[in-house]
Amino acid sequence: MRLGAVGLSKAYGSVQANRNVSLAVKPQEIHAIVGENGAGKSTLMRLLQGIEQPDAGEIIVDDVPCRISSPRQAFVSGIGMIHQEFMLAPELTLLENLVLGDEPVTGPLARIDWNAARESGDAHAAQAGIEVDWDRKAGTTPVHIQQYVEIIRLLRRGTRVLIMDEPTSVLAPKQVEDLFDLLRKLRDAGTTVLFISHKLKEVMALADRVTVMRRGEVTFSSGVNETAISEVAHHVIGGLDLEQQDPTTGEVSSRKADERVLEVASLRAPAIERSHPLKGIEMFVGAGEIVGLAGVSGNGQSELVECLVGLRKPSSGQIFLEGRDITYATNRQRRDAGLGYVSADRRHEGLALDASIEINSIAGSQRRKPIRRGKIVDLGAMRRTAAERLSKLDVRFGSLRDAVRSLSGGNQQRTVFARETATDPTLLVVSQPTRGVDLRGIAAIHAILHSIRAKGASILLVSEELEEIIDLSDRVYVIADGRIVGETSGDIADVATVGQMMLTGTAQDG
Amino acid sequence: MAEAATPLRERSIERLEKGFGLVFPFFAALVVASLVLLVIGKNPLLVFSLIAEEAFGSTNRIAATLSATTPLLFTGVATAICFRAGVFNVGVEGAFVVGGLGAAFIGFALPSSLGILLVPIGFALAATVSAFWLAVPGYLLARYEIEEVVSTLMLNFVALGVTGYLVNGPLLSEKSGNNVTPLIHESAELVRLIPPSTLHAGFLVGLFILAAYGFWIRRTPAGIESAIVGQNRRFASAVGISIPATIILVMVISGIVSGLGGASHALGQLHRFAEGFSPGYGFTGMAVALLGRNTAIGILFGSILFGALASAGTTVQLFSDIPLDIVNIIEGTVMIFAVVELGRIALFRRKAVK
Amino acid sequence: MLKFAIKASVVAIGLGTVPATAADVAPAALIIAQGGLGDGSWNDTANAGFMAGIENTGIEGRPIESKDVAAQGEEIMRRAASGGFGLVISLEWIHGEAMERVAEDYADTNWVIMNQTRQGDNIASVLFSEHEGSFLAGALAAQVTTDTSISGINEEAIIGVIGGRKSPGIDKFIVGYIQGAEAIDPDVEVKVAYAESFGDPAKGQQMAQAMFDEGADIVFQVAGGTGIGIIEAARAAGRYAIGVDTDQDGMAPGNVLTSMVKRVDVAVERIVNSYAAGEFPGGETMLFGLAQEGVALSEMKHTMDIIPASYIARVEELKADVIAGNIDVWDVFEQGYPDFFK
């Protein structure tokens, strides 16, 4: 079966989730769709599934434009999807799950014909070359078997285009191999597979064709044999063209980077939610250096940052700030020792949105001179300090008493910088500084980072915007799966190599 | 465009919050009470003017109102200081009661020869006992993240149980079959400000506490920090403020203020401890704090409002057949709308953000 | 001044219904104690007597409620006196000292306090002889407890009493009860226990059940709200409870043998009557015992037909003896603890 889409667009409020997306999936093809989180893959799937209706464009099934108004209709048209979290009923047996909603019946009383069910299940399993214990409850079955059952269940009911959303995220490497074998067999037997992933290696190994999405658009599509992993990585990250690559300013390398402001040794820490724990981070930041930390989000960046600034307790390892062990220091001790922190989560951690602009720009300094005089707070000094800090970074505001919520995103972020740089930190940990900031704001923030460094401070820059990191950093670390997997100096860093390290989790040879 | 529009809307919300905060629930309550009065065939205007007259119609009545206001000044501040830091301490009631028993104990158990010294000793003991009383749930919250709402609520029952036991056993007045301690020595009694009214020096202590609270929240690093913790805990710890230390601090201060309130009530008003020592001052204090948006001036007006309802609501029954229920309806509606008002502002704000 | 203004407006809008008679007698106020109206007990009973007194005499009168009656007592009393009330009765024990102070300032007003004695020419103190009523309850219980012809009664001479907390005020009931029981049968065993609470029905039920298990078949409750559980336990076990203060016979019809009723209504009504008649007993301590009908056993509506008439007759004899002064019932509150009960 042939599945296509022409000019699909879908907006949620002001966010354009899909913009003019076209797609052509040939029959008997394994077609991979890759892209970062938020690139628009899930929205596209929802449109193909009929969960959402496109604002513009159409879906084409077997060369016929087709309005898919509901998941049920998608199913009838032969499109079936396996979600990241499986949909089997845990209390029912695999056999019951297999026929649920489409039971074979026999006799005048329409009894469920379990034998027929078992036979059809076995037939499909044999075709796929696997064995299934049909009487086991789904809840106690290993996930990869559940996945098989789900696939068989869809096939049994006439699915000809199988959409799989990140199917390998729950599987062990060996099981991934088995799944791929199964998918290849299915393809050879006539099923079309649409495979969503952000693991490039897997995609290159399995797919016949790969389509890259970025910021809601299809940016690249190619047969796997006609491209290379680095090229795909390049498009996923959305980097500059290699020719236009602008090497970073060279003057920096002359600095005495051996004077280490921050040093991290064998740092391990537990995970946030489903993210990776830190598995022994080794890194340093030299004096006057901007060091970038690149990585696909959720590979340990947040944990590392929280360990550095004192919001998370490491399980082992050490952190040194200017030679002083701060591994278990309190947040306040770190700040007093010269650490500044621009949080990635501006709305919940970088600012107290309902507090005044004044409080937001002086918080952390309420016990320092000149705000504190004796035991009490000098309100005049507090006001002046706030105004001074804000004007230095050109923050536009109405009144200091307004809630900081009333500022635009860019001014909010500048307020954070105004606060965190006012105390002349020796190391500024900056996480996702330009997230949610418009283009002019981005330029201003980059200028701020440069000026801070010019004053002699060191910066650890964590960002998902690879261009930003490469553009600003003297050196770049690449983090994947809780480890530093690569390091490259800013001069020779390019989007393709770093991007590939990020996505494959290994340093490139040479 | 968007940048210009947002601040304007935000500012109007803030004005709404400050201006209507106290006034809106009050008028809403009047409307509800009016409807009830009309249904039972009374003229709301006359009833309200009668209540106003009983609350503020003469020096004696103003003094009676302020006398009823006094405990609420303490419990309002004790609650607000925690609410402001995002700590939902509902244990002021219990701390007020144990503090009151402590002060009363000093008042009758120590020799009367100590004279006026009994007063500071009584206040000090009450503050100490109540500070420890609330430090416990504070520590449990700070150290083990044990829900303060549950622990402080439970402690209220403990307070009632313990004081109930003491006042019916070891500390029971020999002269009484009922659940009261002996009277305190006369020298331990707080002076009355406008005799013969029961308005006593505890009111001045309350005003002082209120002013100190107003100063503390604006003019001390700890006061500013506690507000930041209340606004956003992640932010607070990111800028180097210790959440556990702040939680324990506000709980201890809340305990001290509650204890002083209990002492003022025991030494100034009842001159003993009795079962039913507090008819729920701690809980009315929560309404006062909510109504007053945790500001000193708001707490002052809030506690006068509830004090007026308590004093006028009672004596107005002498001169009309308005049942106490009407006053209860007004009080209850004010509280409900104070809470609803909070929720409404939060909702409005969320919409404005979107 | 204020008083007249308010009164005028009240009359004008018909807020109050001022009876036309007895217009020269100043109105009366009844200050309701903690617990408020609707407690089905002390406050409601007193209010009933108050209303009856007002009805009899035609004077104006109002019950006054406050959620904060302990702290506001003095202000309420002052306001009542300054507002022109001629009689102020407080049901709240804690108002005693304050009443002494206020009564001094308002000599023209008549004051009444309950369950204690207060000094002042214009104060009447009301005391109830609960020990006398309890004496009759004990006498009845001791007769019934060995009569196995009555359903739920065993042959053992064991009865029980559960107090809210140990205090002279409660032991006054308990000692009277014991004395009454022993007046019938000197060898009767009276089990005594305290619930340590006046508001814990579950505990009351457990303790009563325990007493029933130990052979008691009648338990006298002197424990306020806790007693509700005691009565419930009697109902569930098919045994008997004895109610207290108000007529609680209807709470478990047939299983509440009787109730030792404190007739605060009688006391209040009588005081209102004498006030209206210009014979207020100022400066006196009024004892309301068996003789004054201030304490009594209930009508026993639900149990009269199962209790042999001879037992009731015996109780009546004892009552006559107490009234005549032939029997002195021990008053723990006045006399301290007797040798037989420490």
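The values are calculated or read from the model by the stated rules, or taken from the named source; none is laboratory data. A quick note: this is a predicted structure, and the numbers were derived from the prediction, not measured. Please note: Cβ atoms are built from the backbone with ideal geometry, for glycine as well, and neighbour counts cover all protein chains shown.
Looking at (1) touching a helix residue (DSSP H, G or I) at 6+ places or on another chain (Cβ under 9 Å); (2) within 21 Å of B:A227 (Cα to Cα); (3) in a helix (DSSP H, G or I); (4) within 13 Å of chain B (Cβ to nearest Cβ), can you tell me which one A:A381 breaks? For A:A381, the exception is condition (1). Considering the range C:19-63, the residues that are charged (D, E, K, R) and out of contact with any strand residue (DSSP E or B) (no Cβ under 8 Å at 6 or more places or on another chain) include one that is farthest from the other protein chains (Cβ to nearest Cβ), namely C:D24. Tell me, yes or no, whether the range C:250-270 has at least one residue that is within 21 Å of C:N122 (Cβ to Cβ), surrounded by fewer than 24 Cβ atoms within 10 Å (Cβ to Cβ) and not small (G, A, S). For the range C:250-270, residues within 21 Å of C:N122 (Cβ to Cβ), surrounded by fewer than 24 Cβ atoms within 10 Å (Cβ to Cβ) and not small (G, A, S): present.
For the residues C:L127, C:L136, the requirement of being hydrophobic (A, V, I, L, M, F, W, C), closer than 30 Å to C:D265 by Cα, touching a strand residue (DSSP E or B) at 6+ places or on another chain (Cβ under 6 Å) and within 14 Å of chain B (Cβ to nearest Cβ) singles out C:L127.
For the range C:64-84, enumerate the residues that are closer than 12 Å to C:L30 by Cα and either surrounded by fewer than 24 Cβ atoms within 10 Å (Cβ to Cβ) or at the interface with chain B (Cβ under 7 Å from one of its Cβ atoms) (or both). Answer for the range C:64-84, where residues must be closer than 12 Å to C:L30 by Cα and either surrounded by fewer than 24 Cβ atoms within 10 Å (Cβ to Cβ) or at the interface with chain B (Cβ under 7 Å from one of its Cβ atoms) (or both): C:I64, C:E65, C:S66, C:I76, C:A80.
Report yes if B:E275 is surrounded by fewer than 22 Cβ atoms within 10 Å (Cβ to Cβ) and of a type in the set (D, E), otherwise no. The answer is yes for B:E275.
Selection over the range C:273-322 of residues that are without any contact (Cβ under 8 Å) to a residue 40 or more places away in the chain, under 30 Å from C:P253 (Cβ atoms) and not small (G, A, S) gives a count of 6.
For B:T314, the requirement of being in contact with a Lys or Arg (Cβ under 9 Å, 6 or more places away or on another chain), more than 14 Å from chain A (Cβ to nearest Cβ) and free of Cβ contacts under 8 Å to residues at least 24 places away in the same chain is met.
Looking at the range B:228-260, which of the residues that are polar (S, T, N, Q) and within 19 Å of the chain's Cα centre (by Cα) is nearest to the other protein chains (Cβ to nearest Cβ)?
By that ranking, first place goes to B:S258.
Out of the residues in the range B:118-155 that are hydroxyl-bearing (S, T, Y) and closer than 23 Å to B:G230 by Cα, state the one that is surrounded by the most Cβ atoms within 10 Å (Cβ to Cβ). Within the range B:118-155, the match that is surrounded by the most Cβ atoms within 10 Å (Cβ to Cβ) is B:S130. At least 1 residues being β-branched (V, I, T), touching a Leu at 6+ places or on another chain (Cβ under 7 Å) and in contact (Cβ under 8 Å) with a residue 24 or more places away in the chain is the threshold, and among the helices (runs of 4 or more DSSP H) wholly inside the range B:160-274 those reaching it are B:202-219, B:243-264. In the set (1) surrounded by fewer than 21 Cβ atoms within 10 Å (Cβ to Cβ); (2) at the interface with chain B (Cβ under 10 Å from one of its Cβ atoms); (3) at pLDDT 85 or above; (4) within 26 Å of B:N60 (Cα to Cα), C:K3 fails one condition alone, (3). Checked against the criterion of being at pLDDT below 90 and not assigned by TED's automatic domain parsing to the domain that holds A:I469, the range A:333-344 has at least one qualifying residue. Do we find that A:E303 is touching a Leu at 6+ places or on another chain (Cβ under 6 Å), in contact (Cβ under 8 Å) with a residue 24 or more places away in the chain and within 11 Å of chain B (Cβ to nearest Cβ) in this structure? Spelling it out, it is not the case that A:E303 is touching a Leu at 6+ places or on another chain (Cβ under 6 Å), in contact (Cβ under 8 Å) with a residue 24 or more places away in the chain and within 11 Å of chain B (Cβ to nearest Cβ). The criterion of at least 1 residues that are modelled with pLDDT of 85 or more, more than 22 Å from the chain's Cα centre (by Cα) and assigned by TED's automatic domain parsing to the domain that holds A:S365 is met by the following helices (runs of 4 or more DSSP H) wholly inside the range A:400-510: A:409-422.
You will find that of A:A381, A:A387, A:A363, the residue that is touching a residue at least 24 places away in the same chain (Cβ under 8 Å), outside the structural domain of A:I442 (by TED's automatic domain parsing) and surrounded by 15 or more Cβ atoms within 10 Å (Cβ to Cβ) is A:A363 and no other. Among the residues of the range C:259-296, those identified as within 10 Å of the chain's Cα centre (by Cα) and over 30 Å from C:D24 (Cα atoms) are C:M260, C:V261, C:K262, C:V295, C:A296. Could you list, in sequence order, all residues of the range C:103-124 that are assigned to a strand (DSSP E or B), within 13 Å of another protein chain (Cβ to nearest Cβ) and in contact (Cβ under 8 Å) with a residue 60 or more places away in the chain? If the condition is that a residue be assigned to a strand (DSSP E or B), within 13 Å of another protein chain (Cβ to nearest Cβ) and in contact (Cβ under 8 Å) with a residue 60 or more places away in the chain, then C:M114 is the only one that fits. Per the listing B:S197, B:S187, B:S173, the residue uniquely under 23 Å from the mean Cα position of the chain (by Cα) and hydroxyl-bearing (S, T, Y) is B:S197.
Checking each residue in the range A:356-370 for being in a helix (DSSP H, G or I) and either on the phi > 0 side of the Ramachandran plot or touching a Ser or Thr at 6+ places or on another chain (Cβ under 7 Å) (or both) picks out A:I357, A:N360, A:S361, A:I362.
Would you confirm whether or not the range A:262-274 contains a residue that is within 16 Å of A:E420 (Cβ to Cβ) and in contact (Cβ under 8 Å) with a residue 12 or more places away in the chain? Yes, the conditions are met somewhere in the range A:262-274. Among the residues of the range A:127-140, is any of a type in the set (D, E, K, R), crowded, with 19+ Cβ neighbours inside 10 Å and touching a residue at least 24 places away in the same chain (Cβ under 8 Å)? Checking the range A:127-140: not a single residue is of a type in the set (D, E, K, R), crowded, with 19+ Cβ neighbours inside 10 Å and touching a residue at least 24 places away in the same chain (Cβ under 8 Å).
Residues in the range A:104-133 that are under 30 Å from A:I51 (Cα atoms) and modelled with pLDDT under 80: A:P104, A:A128.
Table: residues versus (1) of a type in the set (V, I, T); (2) touching a Phe, Trp or Tyr at 6+ places or on another chain (Cβ under 7 Å).
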{"residue": "A:D113", "(1), (2)": "no, no"}
{"residue": "A:R118", "(1), (2)": "no, yes"}
{"residue": "A:W134", "(1), (2)": "no, no"}
{"residue": "A:A138", "(1), (2)": "no, no"}
{"residue": "A:R157", "(1), (2)": "no, no"}
{"residue": "A:F180", "(1), (2)": "no, no"}
{"residue": "A:L183", "(1), (2)": "no, no"}
{"residue": "A:V193", "(1), (2)": "yes, no"}
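Counting only helices (runs of 4 or more DSSP H) that fall entirely inside the range C:139-242 and contain at least 1 residues that are under 28 Å from C:E317 (Cβ atoms) and within 14 Å of another protein chain (Cβ to nearest Cβ), the qualifying elements are C:168-184.
Which of the following residues is farther than 18 Å from B:T314 by Cβ, part of a helix (DSSP H, G or I), at pLDDT 95 or above and more than 14 Å from chain A (Cβ to nearest Cβ): B:F20, B:F74, B:F24?
B:F74
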